[in-house]
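*Asks:* Structure incoming, see below.
The values are calculated or read from the model by the stated rules, or taken from the named source; none is laboratory data. Computed from a prediction, not measured in an experiment: that's the story for all the values here. Here the Cβ positions follow ideal geometry from the backbone for every residue, glycine too, while neighbour counts run over all protein chains shown. In case anyone asks, the SASA skips ligands and DNA or RNA and just uses the protein heavy atoms, side chains included. Shrake-Rupley method; radii C 1.70, N 1.55, O 1.52, S 1.80 Å.
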Amino acid sequence: MVIEVLSSELIDQIAAGEVIENPSAVIKELVENAIDAGADDIEIDLVDSGLTSIKIIDNGCGISSDDLLKAPLRHATSKIKNFNDLYSINTMGFRGEALASIFSVAKTKIISKHCDSTETFEVNSNDISVIVPSSCSKSTTIVVEDLFYKTPARRKYLKSNTLELKSVVDIVNRFEVFYHNVKITLKNNDKILVNKPKFSNKSDNLIYVLGKDLKGNLMEFDESSNGIRVYGFIGKPTSISYSFRKNQYFFVNGRFIKSKLLRDAVYEGMRNTLMVGRHPFFVLCVDIDPEIVDVNIHPTKVEIKFENELEIFEFMKSAVIKQFETQENFKEFDEVPKEYDLDLTSKVDVVRDYSSGDKITLNDLVEEKKREQKGVSKYYTSEKQQNFEVNEDEVIYEKIDSSKDEKIENLINSNELVEEEIEKGVLWEELSDYKIIGQLNKTYIMVETPKELLLVDQHVAEEKFYFEQFKKQIIDDEKSAPTQMLIKSEIIHLTNSEMLGFEENKQSLSSVGFEVEKFGDNEVIVRGVPVSVRRNILNATDLKDMLYDVVVNKKIKCVEDEKFSKVASMACRIAIMAGDELTMSQMRRMIENLRTLKQPFNCPHGRPTFLRYNFYELEKKFKRVV
């Protein structure tokens, strides 16, 4: 085979394939250029979803006649000048590839007038070495026609007009969400699809773009530390959550990105405020020193890499947690559930035992729960426990000091907590003046305040209080994770890459309760594992999976989940149940306990503690006000 030097035209078309995949990619690149040029009014006009024609008009600073000749050239850019600039990027574009790529695969022309000039010039793809006088309504107009006309093979891989238009709308939506102060218009075949005006603030902008249901249900915050700023909005989980992921946006230095790291941090921060199986709403922005983030790892710049991922993760997580400790998160009482409150899974009021033909009511379930608390169980009989067999190849443990388990059981059995100085929670002032009306259906406490009526779930309220107390005593105060020693040490083989990761993270392994050390070139010997997950480790494969989780994620998720689950279970077991009749003093003690909590609005499983009914809304229902 003979090595050939490719022509410039073929090189441009190959490179264009990495940047320009479809009409939405063209629009993304051109809108980013308009924003970099300072535009606050951007019009996007499509014909046939952009397959026939794309026209973008903006009122930015424009392009001078000299720069217009350079604009279509590959790697011609005004954003960077030397190598060091790659590590301090503050603009959307910087590579100088977008216009060159578009010019190479479509009939393209740029008409522009610089803000310091009265003359307008045009350059087009027929001859990029010549500019001619022209005219335009605003500073810059870019027209892209017959996308991929030079590469028919690429065009046949495009989707239908409807799907391509959907992709365009999704891209434009990202710009709408972040740029509240930019007017954006999108038309397709003369039909207006987007007509977003400029807004003075981000919250009004989000309500306009993503729906009126957000009004009154957004938690705004702004946190900064060590040169990192996180700001934006999270939807109140008691009012806005979804059965699948949607309306989740991250922007880093103004650029929309997809980041599993940041998403996991948000979910971790909302662990005990979000119902199981539900997903939150958030629009979160991160401002960070450009020198510690690499935006040059993906052709479309939708993925980035942070220099210190663990620091970013922990800061995002703590920032989210802080919001739920400082802001109210009441669930409003609505007569008709809104769309975002609906759970699409099937629900019934009665559980039927088809084997016996009997109905099990809610009260039966409550009584069953009480019997379990007293040690009575219908299922786990001693006979069934005697038939339990242990696999021969499981990991064998030494007997350990059970003081931790005894501490847990003592807390449960004694129903006593360590008395500490009373703390003032987020509702300390809000509930400084209240009156308990009574108990409703032996399940809810009715509380009147000067502004509203609150319904408090008695089980959730007490469960939440005990959870926070147990968490403080068992998890937060635990200095180092206890270790369960193995009777027979396990030798684990690692790849070269895994071994390097192990060497880097030995301290992390020790901090969560592992006793492990290097045993050979590509082997480690495990002599002990964290106590809280010993039941999850049955063989060498389980051990390796858990070691890998520490090496990759800097933590063991199941270690944290096991602790969280145990504390939540303890709180649930000793809390007053639905159906228990309460005295006035018991109800008052519950409300006073809630006043001391930093985040009293949900139980550990995400169920709401309160329902709120505003007196003004009540008067409207009775037509006392119009």
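*Asks:* If you check every pair at least six apart or on different chains, which have Cβ atoms under 8 Å apart with a residue in segment 492-514 that is under 17 Å from Pro530 (Cα atoms) and assigned to a helix (DSSP H, G or I) first and a residue that is open to solvent by 70 Å² or more (accessible area, probe 1.4 Å) and at pLDDT below 75 second?
*Replies:* Ser508/Lys554; Ser511/Ser480
*Asks:* Looking at segment 196-221, which of its residues are open to solvent by 80 Å² or more (accessible area, probe 1.4 Å) and in a strand (DSSP E or B)?
*Replies:* Selection gives Glu220 alone.
*Asks:* If you don't mind, there's one more thing I want to ask. If the Cβ limit is 7 Å and pairs must be 6+ apart or interchain, which residue in segment 113-126 that is more than 23 Å from Phe148 (Cβ to Cβ) pairs with which residue that is open to solvent by less than 40 Å² (accessible area, probe 1.4 Å) and modelled with pLDDT under 85?
*Replies:* Lys113/Cys136; Thr120/Cys136
*Asks:* OK, next. Considering Ile422, Ile437, Ile408, which residue is surrounded by fewer than 17 Cβ atoms within 10 Å (Cβ to Cβ) and either at pLDDT below 80 or closer than 30 Å to Ser489 by Cα (or both)?
*Replies:* On the way: Ile437 fails: either at pLDDT below 80 or closer than 30 Å to Ser489 by Cα (or both); Ile408 fails: surrounded by fewer than 17 Cβ atoms within 10 Å (Cβ to Cβ).
The unique qualifying residue is Ile422.
*Asks:* Here is a follow-up. Out of Leu193, Leu158, Leu186, Leu165, report the one residue that is out of contact with any His (no Cβ under 8 Å at 6 or more places or on another chain), hydrophobic (A, V, I, L, M, F, W, C), at pLDDT below 90 and within 30 Å of Phe103 (Cβ to Cβ).
*Replies:* None of the others qualify; the one that does is Leu158.
*Asks:* Continuing with this model, one more query. Output the residues belonging to segment 180-234 that are farther than 25 Å from Gly269 by Cα and among the hydrophobic types (A, V, I, L, M, F, W, C).
*Replies:* Scanning segment 180-234 gives Val182, Ile184, Leu186, Ile192, Leu193, Val194, Phe199, Val209.
*Asks:* For segment 24-57, enumerate the residues that are of a type in the set (A, V, I, L, M, F, W, C), touching a strand residue (DSSP E or B) at 6+ places or on another chain (Cβ under 9 Å) and not in a strand (DSSP E or B).
*Replies:* Val26, Ile27, Leu30, Val31, Ala34, Ile35, Ala37, Ala39 - these are the residues of segment 24-57 that are of a type in the set (A, V, I, L, M, F, W, C), touching a strand residue (DSSP E or B) at 6+ places or on another chain (Cβ under 9 Å) and not in a strand (DSSP E or B).
*Asks:* Continuing with this model, one more query. Can you run down the residue pairs with Cβ atoms below 6 Å, 6 or more apart or on separate chains, where the first is in segment 192-207 and of a type in the set (A, V, I, L, M, F, W, C) and the partner is assigned to a loop (DSSP other than H, G, I, E, B) and surrounded by fewer than 17 Cβ atoms within 10 Å (Cβ to Cβ)?
*Replies:* From segment 192-207, the pairs are Ile207/Lys215.
*Asks:* Given the criteria more than 14 Å from the chain's Cα centre (by Cα) and either crowded, with 21+ Cβ neighbours inside 10 Å or not aliphatic (A, V, I, L, M) (or both), does Asn247 qualify? Even if it seems obvious, please write down each step before you answer.
*Replies:* Numbers: more than 14 Å from the chain's Cα centre (by Cα): no; either crowded, with 21+ Cβ neighbours inside 10 Å or not aliphatic (A, V, I, L, M) (or both): yes.
Answer is no for this residue.
*Asks:* Is it the case that segment 273-286 has a residue that's of a type in the set (D, E, K, R) and under 14 Å from the mean Cα position of the chain (by Cα)?
*Replies:* Yes, some residue in segment 273-286 is of a type in the set (D, E, K, R) and under 14 Å from the mean Cα position of the chain (by Cα).
*Asks:* So Thr151 passes all but one of these: (1) open to solvent by 60 Å² or more (accessible area, probe 1.4 Å); (2) closer than 22 Å to Glu29 by Cβ; (3) more than 27 Å from the chain's Cα centre (by Cα). Which condition number does it fail?
*Replies:* The single condition Thr151 does not satisfy is (1).
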